[in-house]
Every structure is written in C-alpha cells, then in structure tokens.
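What follows is a single structure, written as structure tokens, with notes after it.
Derivation of every value follows stated rules applied to the coordinates shown; laboratory data play no part. Not measured: the values here are computed from a predicted model. Note that each Cβ is placed from the backbone with ideal geometry, even for glycine, and that neighbours are counted across all protein chains shown.
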C-alpha cells in the first residue's frame, strides 16, 4: 500500500513572488550585527511569513528586519501604488539551493502593524484571484 502524505496545513495562503526585498540581519543568539542591508529575491509570501533567495546562510531563530514592496490598489503621489512593508521576522529554516549556489530562507513574521497586515493579506488574495 502506498503511503499518502498528509495535507499541508498552514494558517495563511501563500503566493509566489519575484521581487527584490531588503534584509537586515539584526540578531543571532544574542549577538548583534552591523545592520547592513542585503538585497535578496522574494520566493513566496503569506500573512504569516516569507521565503527568499540569498547568499547568506542564516541560523534558525535569527532576527531579521525585512522591507517588502507590495503593490496596492491605492495610488497616491507619495506611494505610486506600492507600499513598503517593514516587518521583524524570525528565521525558521534555511536550506542550501545547490542549483544556484545560494540559500532559501523561511521567515516567520513576528510583529506587523494591523494596517500592514491588511495590505499583505489583500495582496495575497489579489494574487490568488488573478
């Protein structure tokens, strides 16, 4: 008899993304860093977190400050239809991507403003309905 994998259970829907995100490694096991910003490439995002490609191997539990540009329905002279989501996250996993000699990192959002969360969820649902 063939073994069947259980259905993946997640609190939030996630969608694939292909955009630059800014990552700042702020703490790892109590050690602070120089707060340099590194440009990484988004892989997927949900209301609970994000995964991205980069050239740094982060350890689990590392704290990262992320800036994620999300398109919004609203366009003003200041925003041009893009909202820069700024959020603190915790590394949940980091895996080597052998094909590209880089890493794929999964991050759980730790704090997110209610308005930013709404924009993020609207963005994800907008991607799903296309």
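Over region 18-128, calculate the relative contact order: mean separation of alpha carbon pairs under 8 Å at least 6 apart, over the residue count, as a percent. Working shown, then result.
Numbers: 240 pairs, mean separation 28.4, N = 111.
Relative contact order here is 26 percent.
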Check your understanding: Ordered by packing density, taken as the mean number of other Cβ atoms within 10 Å over each peptide's residues, highest first, how do 94-101, 120-127 rank?
Key -> 120-127, 94-101
Revision key, fill the gap. So for region 89-129, using the alpha carbon gyration tensor with a ≥ b ≥ c as root eigenvalues (a/c under 1.5 gives rounded; past that, a/b versus b/c decides prolate or oblate), I'd call it oblate
